[in-house]
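Before any comments, here is the structure.
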Amino acid sequence: MDRQEIVQTLRVLTKNEPDAVAEIRLLPKNKKDGIISGYFDLPAFERATQLLQPYVEQGKHNFYVTMNRLHPGLLARYNRRFQPWPPQTTTDGEVIAYRWIMMDFDPVRPSGINATDEELAEATSLAHLVKEHCMKELEMDAPVEALSGNGVHLLFPCDLPANAASTKFVKDLLEMLAKRFYTERCKLDTANFNPARITKLYGTIGGKGDGNSERPNRQSRITVIPAALGGTL
C-alpha cells in the first residue's frame, strides 16, 4: 500500500471539492470476511490511510472507492471510520452528480487470475485508441489514466446531474465504444455506468488469486493526471 498515492487518489477523484465525501469500500476475497465500508471527507483522507493499514496487512480484501459526487450528509453514516458488515453502502439515489465517465479495459482471461504483462500491454494499447477517439472525435477532455493492477482505467472528467438521462447517456456511450473497439483479447467493460459505481482505490494492490511470476499481484496507481486537473505525479 502506498499511502501517499491513496491520498492523491482521493483528492483527484473528489476534485478537491471542499465538501466532498467519498466512501471507501473493502470487498472480501472470501465472502465469509464480509464487506467493510467507511466515509471520509477531505480533512480525513490521511486518517483513512492509517485505518486501512491493518486491513491491507490481513490481505483479505480488495479496496475500492466511489468516484462521483455524494450527498455530503453521508459522512454521518460511518463517520471517518470503517464499519464491518455495513447495513448500508452508497446507492445511486445518494449521488448528486457524475464527476467522471470511467472506462475500464480488462484483458480476457480465465476468472480469478491476474493478467500477464503481455495482456496488460494489450489493455493499454486499446485504452490509448479509445482515448484518442474520445478526445478527437467526441471532443471529450483529457482523462485521468490509471493502472488497476490487471487492466487500464480512463476517467474522463464531466459534470452531469445524477439522473436517468445522464445514466442513459453514459451507458449508451460505453456500449457504443465497446462495439466500435471490440477485440477478442481485451474488453471495454460496459457495466460502469451507474452513478454509485466504485473504482479501484489506486495505491492498493489489485490481485486475483495467489499470483505468480507470470501473473503477479500489482499495485494499482494513477499514471497520468491532465494539466487541466492539476497535472504532475
Within region 143-155, can one find any residue that is open to solvent by 40 Å² or more (accessible area, probe 1.4 Å) and out of contact with any Ser or Thr (no Cβ under 8 Å at 6 or more places or on another chain)? no
Reported set for region 1-28 where residues are open to solvent by less than 30 Å² (accessible area, probe 1.4 Å) and in a helix (DSSP H, G or I) is GLU5, ILE6, VAL7, THR9, LEU10, VAL12, LEU13
Is at least one residue of region 129-139 open to solvent by 10 Å² or more (accessible area, probe 1.4 Å) and under 30 Å from GLY211 (Cβ atoms)? yes
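Residue by residue, here is whether (1) part of a strand (DSSP E or B); (2) open to solvent by 40 Å² or more (accessible area, probe 1.4 Å); (3) more than 30 Å from GLU57 (Cβ to Cβ) holds:
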| site | (1), (2), (3) |
| --- | --- |
| PRO195 | no, no, yes |
| THR199 | yes, no, no |
| ASP210 | no, yes, no |
| THR223 | yes, yes, no |
Are there any pairs with C-beta distances below 9 angstrom linking a residue in region 171-186 that is surrounded by 16 or more Cβ atoms within 10 Å (Cβ to Cβ) to a residue that is assigned to a helix (DSSP H, G or I) and of a type in the set (Gly, Ala, Ser), with the two at least 6 apart or on different chains, and if so which? CYS186/ALA123; CYS186/SER125; CYS186/ALA127
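Evaluate region 107-120: report whether one residue or more is under 21 Å from CYS158 (Cβ atoms) and open to solvent by 10 Å² or more (accessible area, probe 1.4 Å).
At the first step, the residues of region 107-120 found to be under 21 Å from CYS158 (Cβ atoms) are none.
Looking through region 107-120, none of the residues is under 21 Å from CYS158 (Cβ atoms) and open to solvent by 10 Å² or more (accessible area, probe 1.4 Å).
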ALA97: among the hydrophobic types (A, V, I, L, M, F, W, C) and either assigned to a loop (DSSP other than H, G, I, E, B) or closer than 19 Å to GLY203 by Cα (or both), yes or no? no
Restricting the search to region 149-161, which residues are touching a helix residue (DSSP H, G or I) at 6+ places or on another chain (Cβ under 7 Å) and hydrophobic (A, V, I, L, M, F, W, C)? VAL152, LEU154, PHE156, LEU160
Pull up region 66-94, narrow it to residues that are out of contact with any Gly (no Cβ under 7 Å at 6 or more places or on another chain) and more than 15 Å from ASP41 (Cα to Cα), then point me to the one that is surrounded by the fewest Cβ atoms within 10 Å (Cβ to Cβ). PRO87
In this structure, is PRO84 out of contact with any Phe, Trp or Tyr (no Cβ under 9 Å at 6 or more places or on another chain), farther than 19 Å from GLY203 by Cα and touching a residue at least 40 places away in the same chain (Cβ under 8 Å)? yes
For residues in region 29-75 being of a type in the set (Lys, Arg) and in a helix (DSSP H, G or I), which is modelled with the highest pLDDT? ARG47
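The values are calculated or read from the model by the stated rules, or taken from the named source; none is laboratory data. Just so we're clear, the structure is a prediction, and the values are computed from it rather than from any experiment. Because the Cβ atoms are built from the backbone with ideal geometry, glycine has one as well, and the counts that use them run over all protein chains shown. Please note that ligands, DNA and RNA were not included when accessible areas were found on the heavy atoms of the full protein model with its side chains. Shrake-Rupley method; radii C 1.70, N 1.55, O 1.52, S 1.80 Å.
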